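Take a look at the structure set out below.
What follows draws every value from the coordinates through simple rules; no lab data is involved. Source: prediction; values computed, not measured. We place every Cβ from the backbone using ideal geometry, glycine too, and count neighbours over all the protein chains shown.
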Amino acid sequence: MTSSNATAAARRQFDQAMAVLEVDRDAAHRHFREATDADPSMADAWLGRVAVGDDGLATLQELYAYGSRLHRESNRLGVGLAAIAKAGPYLSITVTEAAHAGLALASALIDGKQFEKAEAVLTDSALLDSWENHQWQQYVRAYLMFATQRWPDVIAEAARILPAQAIIMSAVTAATNALAAHAAAHLGQGRVALDWAERVELSSDRSSLTEGRRHSFPDAAVTVIDPAQFPLIAADLAYIRGMAHRQLGEEQSAQIWLSRSTINGALIEPAKQALADPRIQLVITDEAAITSRTDKWDVSTEQSEQERSEEENAERRAELLAEGRALLANQVGLAEVKQAVAELEDQIEVRALRLAHGLPVANQTNHMLLVGPPGTGKTTTAEALGKIYAGFGIVRHPEVIEVRRSDLCGEHIGSSGPKTNELIERSLGRVLFMDELYSLVERHHDGRPDMIGSEAVNQLLVALEVHRFDFCFIGAGYEREIDQFLTVNPGLAGRFNRKLRFASYSPDELVEIAVRYGAPRATVIEPTARDALNALCRKLRGHLAPDGAHGIDVMQNGRFARNVVERAERLRDSRVAAQHRTSRGSVTVEDLETLRTQDVVAAVVDACTEKHVPLELRAVESELAYKKCE
């Protein structure tokens, strides 16, 4: 059939349909259908099919697709044609234009759970070809968010301010407010839900309202509807008000409103169930759960609070692991310690895999000992381990809690055990760090350990075994003293599965520590001052204290380097201040930043004198002078 013949045939069918539309809807439907079969682009025939009840999704899609051709046939006959189509859960829209067809189609797509397509239709600017359609679009968009349980978006859409020229219809306002009331209640916002519901009044109740209730909103904010004309809106508003009151613990008000949730005198089913069982509550969710969806339209893809927490924890653990590794990597030297920690990480990872496969991990604990002279990075390493342990999920909290003897020991015999146990219980999921671990036990003049400290050790021994995987205890100190401490109780050494040894810093490493320490303080050590510090550190290395410790250990390694920088800064400041007073304007930024050789040398001498460590400066000065000549 040629195009012209098809159009002619379709028109004959359309004309016959219009002739019988008012008297025989079945016959009209048959003729409209034959018209669309002959010419699928005949929009008026599609509209006619909707008018006689053929308002399925496929029909509405065709009507919307050919909407620009509407009125060609009805105008040819000089007649009007309109259809009534469902719009959202409460209303129907009169379809005469393409935009109306789009709104009806969007509603049908929502009913058909084709949410992505519905959103695409609702974003079509052609829907807003008349001022009344602005409110219709708002209502159907709110319905889209309602149907997908995107509760915050329902409220946001209902609260959206329409253009001043928009035509506002009471029924559409009431329907939108009802959706918003439901949304607020499902977010657990009972008062907000009541606020939305109370913006709608029923004409049958209006005369009996109290003066206080009548003036709780400005007149413009209250919409009045006839419950006989819109019974479902009225019943649903009563239901949600009842459930909101129940949510707020106001059961008497809940019963009153639920009992008013009727259509033609019969309770709607949700209200009937809620009245029968006061324990029934609305399902509450939150914005975080909605945001967690992998498919924004599918409520089943929401993550539970536990899943969200686990995901957040996994992200945080990854951050902590990276922070711990970076903290350790940024430490000067400590090559053996860094290697040992890397091996420890491997052990922890494999241990988790073994546990996951049901394999034993006997005699493996998280407790360890850090041994070495002071100022070699033991405390910083403990801090890094806290983050690494938290990163692996061994402990819940990355912060390291430093403790001392007084935190574990009581003031009399019998008090240390409970005190130690209480500390451990508070510290589960955390890292405890005790420097100079051996100070936990004090020795009598004959070498015997004191009873108060021994009691704390005994309780600690039990906790280290019982809570092998619940917390981490890190002890630190000189290796010889640590080894002696472990003899206090025969089982103590076995509670620590690893001992990390910290070596003294070399002169080169001490200079690097000093340089790094000064950098964020905008302090620069000039090259000759670095050479001087290096030479002085070598001299210190050669000094032996009465107990056999060399000078760098006596001066406490990294602490010594930082101490020198701080002392040298004070000397620099005095020198620069004198220069400024003598010659104003002569001080440069370099002067303000730089530590000169004399500053550093004087700082080292000052620090060593305080510790009673002698330095032979003449040899150092000769070495520096020789370097300068080179």
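What the table shows:
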{"quantity": "Stokes-Einstein D for segment 507-629, Kirkwood Rh over Cα pairs, 25 °C, 0.890 mPa s (µm²/s)", "calculated": "165"}
{"quantity": "Within segment 314-419, GluC sites (Glu not before Pro) in DSSP loop having at most 16 other beta-carbon neighbours inside 10 Å", "calculated": "GLU399, GLU411"}
{"quantity": "Average projection area in nm² (convex hull over Cα atoms of segment 245-368, one quarter of hull surface)", "calculated": "14.9"}
{"quantity": "Reach of LYS499 by Cα under 24 Å, taken over lysines that are not fewer than 8 positions away in the same chain", "calculated": "LYS338, LYS378, LYS387"}
{"quantity": "Residue order, fewest to most beta carbons within 10 Å, for ASP286, ASP55", "calculated": "ASP286, ASP55"}
{"quantity": "Rel. contact order, % - alpha carbon contacts under 8 angstrom, at least six apart, segment 507-629", "calculated": "34"}
{"quantity": "Computed over the chain: relative contact order in percent, which uses C-alpha pairs under 8 Å that are six or more apart", "calculated": "7"}
{"quantity": "FRET E, pair GLU610, ARG501, Förster distance 35 Å, beta-carbon r, rounded to 0.05", "calculated": "0.80"}
{"quantity": "Exposed chymotrypsin sites (Phe, Trp or Tyr not before Pro) absent - longest run of the chain, DSSP non-H/G/I/E/B, at most 15 other C-beta within 10 Å", "calculated": "132-468"}
{"quantity": "Quarter of the Cα convex hull surface for segment 52-111, i.e. its orientation-mean projected area (nm²)", "calculated": "3.9"}
{"quantity": "Summed side-chain charge close to GLY80 - residues other than GLY80 whose Cβ falls under 14 Å, Lys, Arg +1, Asp, Glu -1", "calculated": "-2"}
{"quantity": "Cα gyration tensor of segment 296-356 - equivalent ellipsoid semi-axes, whole Å, descending", "calculated": "35, 16, 6"}
{"quantity": "Calculated diffusion of segment 273-321, Stokes-Einstein form, Kirkwood radius summed over Cα pairs, 20 °C and 1.002 mPa s, µm²/s", "calculated": "165"}
{"quantity": "Residue exposure sequence - THR262, THR94 - by fewest surrounding Cβ within 10 Å", "calculated": "THR94, THR262"}
{"quantity": "Diffusion coefficient, µm² s⁻¹, Stokes-Einstein with Kirkwood Rh over alpha-carbon pairs of segment 308-501 at 37 °C and 0.692 mPa s", "calculated": "190"}
{"quantity": "Filtered trypsin sites (Lys or Arg not before Pro), segment 258-311: DSSP coil and at most 12 other beta carbons within 10 Å", "calculated": "ARG279"}
{"quantity": "Surrounding net charge for GLU250, when Lys and Arg each add one and Asp and Glu each subtract one, Cβ distance under 11 Å", "calculated": "+2"}
{"quantity": "Cα-based Rg and Dmax for segment 1-111, where Dmax is the largest Cα-Cα distance (Å)", "calculated": "13.2, 45"}
{"quantity": "Segment 1-103: GluC sites (Glu not before Pro) falling in loop per DSSP and having at most 15 other Cβ within 10 Å", "calculated": "GLU22"}
{"quantity": "Estimated dipole of segment 507-629 in Debye, rounded to 20 [Cβ of Lys and Arg +1, of Asp and Glu -1, Cα centre]", "calculated": "240"}
{"quantity": "Paired Rg and Dmax values of the chain, which use every Cα atom, in angstrom", "calculated": "41.2, 124"}
{"quantity": "Per residue convex hull volume, Cα atoms of segment 429-547, in Å³", "calculated": "157"}
{"quantity": "Volume of the Cα convex hull of segment 406-464, divided per residue and given in Å³", "calculated": "78"}
{"quantity": "Likely footprinting exposure, VAL395, VAL564, VAL589, VAL462, fewest C-beta neighbours within 10 Å first", "calculated": "VAL589, VAL462, VAL395, VAL564"}
{"quantity": "Net charge over other residues, Cβ less than 12 angstrom from the Cβ of ALA340 (K, R count +1; D, E count -1)", "calculated": "0"}
{"quantity": "DSSP-defined beta bridges in the chain - what % are antiparallel, rounded to 5", "calculated": "30"}
{"quantity": "Nitroxide proxy distance, nm - points 7 Å out along Cα→Cβ at ARG354 and GLU526", "calculated": "5.9"}
{"quantity": "Surface/4 of the Cα convex hull for segment 477-556, nm²", "calculated": "7.3"}
